[in-house]
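Have a look at the structure below before the remarks.
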Amino acid sequence: MGPAEIAKHAQAICDEVESVILGKRDTVEKAVLTLLCNGHLLLEDVPGVGKTMLAKALAKSIGGEFRRIQFTPDLLPADITGSSIFNQRTMEFEFKPGPIFGNVVLADEINRATPKTQSALLEAMEERQVTTDGITHTLPTPFFVIATQNNVELVGTYPLPEAQLDRFFAKLALGYPDKSVEADILRDQQKVHPIENARQVVTTQELIALQDAVRNVYVHSSMRDYIVEIVSATRTSNQIILGSSPRGSLLLMHAAQAHAAMHGSEYVRPDDVKAMAPSVLSHRMIVRADLRSRGVSVEELIESIVDSIKAPVPVA
């Protein structure tokens, strides 16, 4: 499957999702890109901007099974992964799968659950399997987790530690829509929600083929060096307490490959790296407290770091 075909399928998914999530094309494209990279997505935003609808629309567009887990302080790991139940008729224990067994899993308000429960989800994300009573159960393919958390409500929450945030491929925010777009939302949802009319545009098998194909996009050695320079600069900057991990370098390369393919390119260019660096690296860093208090965002720091590093000449 070549870049032109990848771009065609990817844009079809984006178009279908955008019919539900209006006016957020860039965020939708990056969410689809995360799916193509076989990663997981963290959505951090205020309530009511469409985080759940984004997950549902993605699931419908790929014809995948959608499962939702509402995270609460009393949620237990077994409530996510499933548990073995004794069958009195067969006199044997039978495994009852939990809601983690889906193609698109929405972990709603993940920071409301205790660290133990959060870890159960993140282990499943990393290993793509769960183990109960010594028996390992493989999760479905494709498997895509979208975790949400509100960034304005901290009471009664358990923030994800940096080591667990690092498991997510990208972090995105939808933000408030423009006034004209918000008026369109009111019009479109006056009688029925657009999610009811969302349709499947690719099969799960086509999606798996797309995920394999994006890894074949050519990456020149100069582009790999460029990515390493950017990530290394986050570790040496005096404005950053903790820089990105080596996983950040690897996932930024994969993100650049997918970005190039989604735009019909056969090779990675500096613009592909620049476009994805804030989304892939922002949650893997800790910025100095005095900068945060002045309203300096992590994304702005990443953009300044990228701008300070000379980009190589694109090589096909």
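The values are calculated or read from the model by the stated rules, or taken from the named source; none is laboratory data. Quantities reported herein were computed from a predicted structural model and do not represent experimental measurements. All Cβ positions, even for glycine, are placed from backbone atoms using ideal geometry, and neighbour counts span all protein chains on display.
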Notebook entry, point to check: If you take the residues of the stretch 296-316 that are within 13 Å of Gln239 (Cα to Cα) and not in a helix (DSSP H, G or I), which of them is modelled with the highest pLDDT?
Noted result: Ser297
Notebook entry, point to check: Does the stretch 169-184 hold any residues that are out of contact with any Lys or Arg (no Cβ under 7 Å at 6 or more places or on another chain) and in a loop (DSSP other than H, G, I, E, B), and which are they?
Noted result: Phe169, Ala173, Gly175, Tyr176, Pro177, Asp178
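Each row is one residue, and each column tells you yes or no for (1) of a type outside the set (Val, Ile, Thr); (2) in the same structural domain as Lys24 (by TED's automatic domain parsing); (3) out of contact with any Pro (no Cβ under 8 Å at 6 or more places or on another chain).
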position	(1), (2), (3)
Phe71	yes, yes, yes
Leu75	yes, yes, yes
Asn87	yes, yes, yes
Thr90	no, yes, yes
Lys96	yes, yes, yes
Val105	no, yes, no
Item checked: Test: residue in the stretch 100-109 that is buried (at least 18 other Cβ atoms within 10 Å of the Cβ), modelled with pLDDT under 90 and not polar (S, T, N, Q) -> no
Item checked: Complete set of residues in the stretch 195-210 that are in contact (Cβ under 8 Å) with a residue 12 or more places away in the chain and within 15 Å of Asn103 (Cα to Cα) -> Gln200, Val202, Thr203, Thr204, Glu206, Leu207, Ile208
Note to self: Given the criterion closer than 19 Å to Arg128 by Cα and either without any contact (Cβ under 8 Å) to a residue 60 or more places away in the chain or assigned to a helix (DSSP H, G or I) (or both), identify the matching residue among Asp26, Asp79, Asp74.
What the structure shows: Asp79
Next item on the list: Please enumerate the residues belonging to the stretch 272-298 that are among the charged types (D, E, K, R) and either over 26 Å from His220 (Cα atoms) or in contact with a Cys (Cβ under 9 Å, 6 or more places away or on another chain) (or both).
Entry: Arg288, Asp290, Arg292, Arg294
Checklist line | The lone exception for Asn38 - which of (1) part of a loop (DSSP other than H, G, I, E, B); (2) within 17 Å of the chain's Cα centre (by Cα); (3) within 16 Å of Asp184 (Cβ to Cβ) it fails | finding: (3)
Notebook entry, point to check: Residue check: is Met253 assigned by TED's automatic domain parsing to the domain that holds Leu291, in contact with an Asp or Glu (Cβ under 9 Å, 6 or more places away or on another chain) and hydrophobic (A, V, I, L, M, F, W, C)?
Noted result: no
Checklist line | Failed condition for Tyr267, given (1) under 17 Å from the mean Cα position of the chain (by Cα); (2) among the hydroxyl-bearing types (Ser, Thr, Tyr); (3) over 15 Å from Val306 (Cβ atoms) | finding: (1)
Note to self: Yes or no: the stretch 271-284 includes at least one residue that is assigned to a loop (DSSP other than H, G, I, E, B) and surrounded by fewer than 21 Cβ atoms within 10 Å (Cβ to Cβ).
What the structure shows: no
Check: Could you give every pair whose Cβ atoms fall below 6 Å, whose first residue belongs to the stretch 287-316 and is surrounded by 10 or more Cβ atoms within 10 Å (Cβ to Cβ), and whose second residue is part of a helix (DSSP H, G or I) and charged (D, E, K, R), counting only separations of at least 6 or pairs across chains?
Finding: Val306/Lys274; Ile309/Glu229
Margin query: Out of the residues in the stretch 270-279 meeting the condition of being in contact (Cβ under 8 Å) with a residue 12 or more places away in the chain and in contact with a His (Cβ under 9 Å, 6 or more places away or on another chain), tell me which one is farthest from Glu29 (Cα to Cα).
Written below: Val273
Margin query: I need the full set of residues from the stretch 116-153 which are farther than 13 Å from Pro77 by Cα, touching a Ser or Thr at 6+ places or on another chain (Cβ under 7 Å) and crowded, with 21+ Cβ neighbours inside 10 Å, in order please.
Written below: none
